[in-house]
Protein chains: 2
Amino acid sequence: MTSGFEDDVLRFEAEVTDGSARAGVVHTARGSFQTPCFMPVGTRAVVRTLSPADLEALGAEVMLANTYHLLLRPGASTIGALGGIHGFTAWPGHVLTDSGGYQVFSLDPRVDDSGATFRSTYDGSTHHLSPETAVAIQQQLGADIQMVLDVCLALPASGEVVRSAVERTALWAARAKAAHSPARAAGSPQALFGIVQGGIDEALRKESAARTVEIGFDGYGVGGLSVGETRDEMLPALAAALELLPEGVPRYLMGVGDPVGMVEAVALGVDLFDCVLPTRLARHGTLLTSAGRLHIKNAAFARDDGPIDAGCACAVCARYPRAYLRHLLQVHEPTAPRLLTMHNLHWLLELVRATRRAIAAGRLDRWRAEIGAAWG
Amino acid sequence: MTSGFEDDVLRFEAEVTDGSARAGVVHTARGSFQTPCFMPVGTRAVVRTLSPADLEALGAEVMLANTYHLLLRPGASTIGALGGIHGFTAWPGHVLTDSGGYQVFSLDPRVDDSGATFRSTYDGSTHHLSPETAVAIQQQLGADIQMVLDVCLALPASGEVVRSAVERTALWAARAKAAHSPARAAGSPQALFGIVQGGIDEALRKESAARTVEIGFDGYGVGGLSVGETRDEMLPALAAALELLPEGVPRYLMGVGDPVGMVEAVALGVDLFDCVLPTRLARHGTLLTSAGRLHIKNAAFARDDGPIDAGCACAVCARYPRAYLRHLLQVHEPTAPRLLTMHNLHWLLELVRATRRAIAAGRLDRWRAEIGAAWG
């Protein structure tokens, strides 16, 4: 173990590799899940329009939930009293909680070394999030994997601002680990991941990665990417960070879920992803297909009796014609966003499973070329 | 046959009776369904928040769809081109379409003997619905059971207004039958139901029933009830109409779906029901339970880890705690109205199945008393 914890609550096993890419398994106290892994985003303890049963049927293995939103509604103590997110939602899979930082930093908070002070988007009330309270809240939420509180920037940002974010992220990471360690010593099954920042500056990414690894965590997120920069700016920064991260633990590229970005990141050695892209696109009628994006609102589909994607094995493609899905969306029936979300999530989860198969078969490069041709 | 049609596209078989109540089966070209039967309302060719697959899983056998809405969006010819509502929606059960009259009359249309002229609520465009076009549109929609265009009133209404509605409804019924007959002679499998009007005037109800039966239909709706009058006003008017309707065909009480109203109507000899009540209540957080209505938004449920109704066998009660459902509704997650709709529909469909079992066991009176005690 390089985490510095005395236990082994999270164990990563790389079953097959293809270049830097790994097809692996993550083992926790709850069970195990395969990597590469896409984690659907359940902001308020639910993936928008779906139920935990739907998510299970889709074969998702990890749900991401949002500390910021759950802290405010219904409150961490309520969820804690109901057995954590698992008891509250009846979701049997793994749960990863973000630290709340990403949402808080989008609210233009007052930030100092102690933490971030922000106003609730629900009722305007004032709240303070620190590395220590983020750990305590995620403990109440009962996540299988916690994330440390980090400083999230939108890009572009000045070098000075990026450096200061790296410094404070490192400071907070050490405090988060210190806050989390007593629970771990007492037998907590929750894992804690550190987060690498550094914008698109490769040197800063390396420095941030080295400092985070020095503190030692059960896994590592790479945050602050896919926040305004191009893919050509993102991938070298990601590669720089990954270079310094240990092989034996999961690496999580936060907030990335576009097909090309994911497959390229897997090739660099990333294991975990989350993104609102598939669910948000679905709600607006944009569907992921083997031929690229399809806009179901197009008039051309008004009498189309075919499925969204003839090559897709999801329950929606198996049953409903495009014309019906288009109609439901046009007349604002809530059934539409749900069915389209099911398709997009199925499609993206299947893309990740196919990527895993490509690694196992040693043909990841060919697979990257195929995805690039359809989606580049 | 008393319908006057030369064929037998719809056949009703009363398997068991208990007083005037019947537990029966309706046979059509599509198959068969059991009565008493509650038909969930799929206004725009979908039950709001659910999918046809959900409806199938709930054990619903007939979906009601709305001619007015489908005529305007996506248009009857579009649905016709896709194989009717069945092909369009992939719903394998029976479909009954209303004639559009109920919605059109709520829009304060210009009405004369030819029909009703109204403005679309979608785009303000002007449309005309006549007994003949209502038949033609429902033919394109491919309903298993069509309803004639009738004159729908809100109650209270003056005696003169009610009488004039009865007259025009009878005139239109004869024209609807004439318009429908050529298709029937040519082998159409679609059934056509007449509609009895007459407000809460028992004599007018009898007259309307007699005149509608004289024209002859495959079944009979009793319309214009549950539109503002009390239950004590409704039931005698219903009984008066039923007295004149033939035994050998289905009788459909339109727009009624409250537990007591349904069970009382079954006792009088009604077979079919539709109502937006269970789905609309669900979307506002009001749930049907064996102990009466439950308002899930109540703060008392914030940390309640029990199911909506411990006696309910639905998929929602089997899995999710009240606290989670309340949270999802409070933060406006679309998953909430869907799960609550599933519960309410399951609960009401189960109420109807239990009513059927009570008839079969000759204990309908005891069942009426139980429902009255919980819901009266």
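The values are calculated or read from the model by the stated rules, or taken from the named source; none is laboratory data. All of these numbers come straight from a predicted model, not from anything done at the bench. We place every Cβ from the backbone using ideal geometry, glycine too, and count neighbours over all the protein chains shown.
Structure notes:
- When we screen A:A240, A:A203, A:A186, A:A176 for residues that are crowded, with 24+ Cβ neighbours inside 10 Å and either of a type in the set (S, T, Y) or out of contact with any Phe, Trp or Tyr (no Cβ under 6 Å at 6 or more places or on another chain) (or both), the only hit is A:A176.
- Any hit, region A:342-365, residues being within 30 Å of B:R44 (Cβ to Cβ), of a type in the set (S, T, Y) and either outside the structural domain of A:P307 (by TED's automatic domain parsing) or touching a residue at least 12 places away in the same chain (Cβ under 8 Å) (or both): no
- Comparison of B:A373, B:A360, B:A354, B:A369 shows that the only residue that is among the hydrophobic types (A, V, I, L, M, F, W, C), surrounded by fewer than 19 Cβ atoms within 10 Å (Cβ to Cβ) and in contact with a strand residue (DSSP E or B) (Cβ under 8 Å, 6 or more places away or on another chain) is B:A360.
- Residue list for region A:17-62, restricted to those being in contact with a helix residue (DSSP H, G or I) (Cβ under 9 Å, 6 or more places away or on another chain), more than 30 Å from A:D365 (Cα to Cα) and in a loop (DSSP other than H, G, I, E, B): A:R30, A:T43, A:R44, A:A45, A:V46, A:V47, A:R48, A:T49, A:L50, A:S51
- Selection within region B:186-205 - touching an Asp or Glu at 6+ places or on another chain (Cβ under 7 Å) and farther than 16 Å from B:L149 by Cα: B:I200
- Qualifying positions in region B:63-86 - surrounded by fewer than 24 Cβ atoms within 10 Å (Cβ to Cβ) and within 21 Å of B:D258 (Cβ to Cβ): B:N66
- Pairing each residue of region B:300-319 that is surrounded by fewer than 11 Cβ atoms within 10 Å (Cβ to Cβ) with any residue that is not charged (D, E, K, R), provided the two are 6+ apart or on different chains, yields no C-beta distance under 7 Å.
- Criterion applied to A:G100, A:G31, A:G19 was being of a type in the set (G, A, S) and within 18 Å of A:M147 (Cβ to Cβ), and the one residue passing it is A:G100.
- Only a single criterion out of (1) in the same structural domain as A:G362 (by TED's automatic domain parsing); (2) in contact with a Pro (Cβ under 9 Å, 6 or more places away or on another chain) is not satisfied by A:D309, namely (2).
- Condition met for A:A29 (in contact (Cβ under 8 Å) with a residue 24 or more places away in the chain, closer than 30 Å to B:T341 by Cα and more than 17 Å from the chain's Cα centre (by Cα)): no
- So A:S120, is it more than 14 Å from chain B (Cβ to nearest Cβ) and hydroxyl-bearing (S, T, Y): no
- Search result, residues across region B:102-141 that are among the acidic types (D, E) and closer than 27 Å to B:L253 by Cβ: B:D108, B:E132
- The sole residue among B:M262, B:M342 that is within 14 Å of chain A (Cβ to nearest Cβ), under 23 Å from B:F38 (Cβ atoms) and aliphatic (A, V, I, L, M) is B:M342.
- Exclusive hit being touching an Asp or Glu at 6+ places or on another chain (Cβ under 9 Å), more than 14 Å from every other protein chain (Cβ to nearest Cβ) and crowded, with 24+ Cβ neighbours inside 10 Å, set A:L272, A:L294, A:L253: A:L253
- Per-region count, region A:69-88, residues without any contact (Cβ under 8 Å) to a residue 40 or more places away in the chain and either more than 9 Å from every other protein chain (Cβ to nearest Cβ) or outside any helix (DSSP H, G or I) (or both): 3
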